[in-house]
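Okay, structure first, notes after.
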Ligand SMILES: [Zn+2]
């Protein structure tokens, strides 16, 4: 079964056919860097990561571009607060670094490019000029607005008629626009007091206008929000790409506007497939920074580790709704444990003298074959990670049954099981099974920690309590739990 996707643009399930049969151009609408990432962001990240991994697994080369929005009034509103620095760019850099750290700790594959808006203002200006040339936009008081009336397909992604559509942009912009639904491609001047005050929850009288500005053919100003993704997608991929992925909340107006301005400028289809990752809900409410149910990626990783976080986020297919709660997280911890134990048991059994070359366990081998097919079918079925995980758990069940039920193991069967766990669990789902072999990294780390703890013991015995405590604190900072018992210190990662 070949890969098929639900395309938001058509509302239909479609076979996946990229422009070039061997490679895929993928753009993911990244974060506005005004705060730390939360689990809602991580949901989209982890799913686009698994899409990328699966596309590579089935043989495509993938060019993956993911932007950082580092020019935005929400970032300007954070300037001067919480020691973040007074400049928009300083706040953005702080959070870009934090977000990259989160991405690495979630084991996300690196994108080919992480373009930033502030680096692409010339491309943005060129694109706005192309839209103006085609008479799909107009200048008004130093700002440029897209004329939605000039683009007959406007509203097709979000399935809305123009006359029923809500207006865009702030109230005071209305006087400059032909249509309330027109949106800004370029905004004159810096960010105004009202916008900053609104994001800061402050009185506009105490706020100064702020944010970076750039020269343009229309005067000093800032790019509108939507135009950046069109410009960066074209700069680093092509005028027409295969896959555009983003959160469900971006369908309107962001993606609707991206399509309108891009296609108005080039006359080409901007993206063939639009995939939207549903939001993460907490007790029925959308999880976002503005609601007080903020749960950062850093908190989640500190508390439960990256594998259970991935297990949680992949437990629902990307289009399904998903609820964050203590119960669903506990379930994910338990499921990751079960998967990792299954893998460990298979490795231990295959490496034991009880594994025999001429032993053949038909049940084990048949289950492996069936579950490889089931995993593939699930991933090709619109990236159904929930069903794909079920296939891995069927495999865990078969491994456990094999090991519990006999004292002579089927070496070849176990080896196939291990490879399946590694190919799909590791390679596609992005989990990290610890290498517990004697020369593996966990083995080495264990020896090093044991060595350090012995140094601490000697320092303590010599009365150097400060040094001893310092060593223990440092080990704890590295994420190793140390417990002093009657038999000396014990630790776990
Ligand atoms: Zn975007």
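Rounded to a whole number, what is D in µm²/s for region 1-156 from Stokes-Einstein with the Kirkwood radius over alpha-carbon pairs (25 °C, 0.890 mPa s)?
Values: Rh = 18.5 Å.
In µm²/s, the coefficient rounds to 133.
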Query raised in the report: Translational D (Stokes-Einstein, µm²/s) of region 297-428 at 20 °C and 1.002 mPa s when Rh comes from the Kirkwood sum over C-alpha pairs?
Result: 138 µm²/s
Report summary line: Between residue 334 and residue 14, the FRET efficiency computed from the C-beta separation at R0 = 41 Å comes out, to the nearest 0.05, as 0.65
Requested in this report: Arrange 339, 84 by Cβ neighbour counts within 10 Å, fewest through most, would you?
Outcome: 84, 339
Report task. Over region 441-492, calculate the relative contact order: mean separation of alpha carbon pairs under 8 Å at least 6 apart, over the residue count, as a percent. Result -> 23 percent
Query raised in the report: Cα centroid distance between region 1-58 and region 299-369, in Å?
Result: 23 Å
Requested in this report: Calculate for the chain the 222 nm mean residue ellipticity that helices alone would give, adding -39,500 (n - 2.57) per DSSP H run of length 4 or more and normalising by residue count, nearest 500 deg cm²/dmol.
Outcome: -14000 deg cm²/dmol
Query - Globularity ratio of region 441-492, using Cα Rg and 2.2 N^0.38 Å - result: 1.08
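Find the Rg to Rh ratio for region 178-316, where Rh is the Kirkwood radius over alpha-carbon pairs and Rg uses the same atoms.
Working: Rg = 19.0 Å, Rh = 18.4 Å.
So for region 178-316, dividing Rg by the Kirkwood Rh gives 1.03.
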Report summary line: To the nearest 10 degrees, the tilt of helix 362-380 (Cα long axis) against the first principal axis of the alpha carbons of the chain is 10 degrees
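When only Cα pairs under 8 Å and 6 or more residues apart are kept, what is the percent relative contact order across the chain?
16 percent
What does the highest-first list of 96-104, 305-313, 242-250 look like by mean Cβ count within 10 Å?
On the way: 96-104: 16.7, 305-313: 23.8, 242-250: 21.3.
With the highest mean Cβ count within 10 Å placed first, the list reads 305-313, 242-250, 96-104.
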Query raised in the report: In whole Å and largest first, what semi-axes does the C-alpha gyration tensor of region 95-240 yield when each eigenvalue is scaled by 5 and square-rooted?
Result: 26, 23, 17
Report task. Give the distance, in whole Å, between the Cα centre of region 232-261 and the Cα centre of region 102-151. Result -> 10 Å
Query - Overall Cα dimensions of region 403-493 - principal axes, largest extent first, Å - result: 55, 32, 19
Query raised in the report: Based on the alpha-carbon gyration tensor of region 19-277, what equivalent-ellipsoid semi-axes (square roots of 5 times the eigenvalues) come out, in whole Å, largest first?
Result: 28, 25, 16
Report summary line: Distribution output for the chain: share of Cα-Cα pairs per 10 Å bin in percent, first bin at 0, values 4, 16, 24, 23, 16, 10, 5, 2, 0
Query raised in the report: Angle between the Cα long axis of helix 465-477 and the longest principal axis of the chain, 0 to 90 degrees, nearest 10?
Result: 70 degrees
Report task. Please order 228, 173, 281 by the number of other Cβ within 10 Å, starting at the fewest. Result -> 281, 173, 228
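Quick note: the coordinates plus some simple rules give every number you see, no bench work behind them. As the structure is a computational prediction, the values presented were derived from the model and not from experiment. Note that each Cβ is placed from the backbone with ideal geometry, even for glycine, and that neighbours are counted across all protein chains shown.
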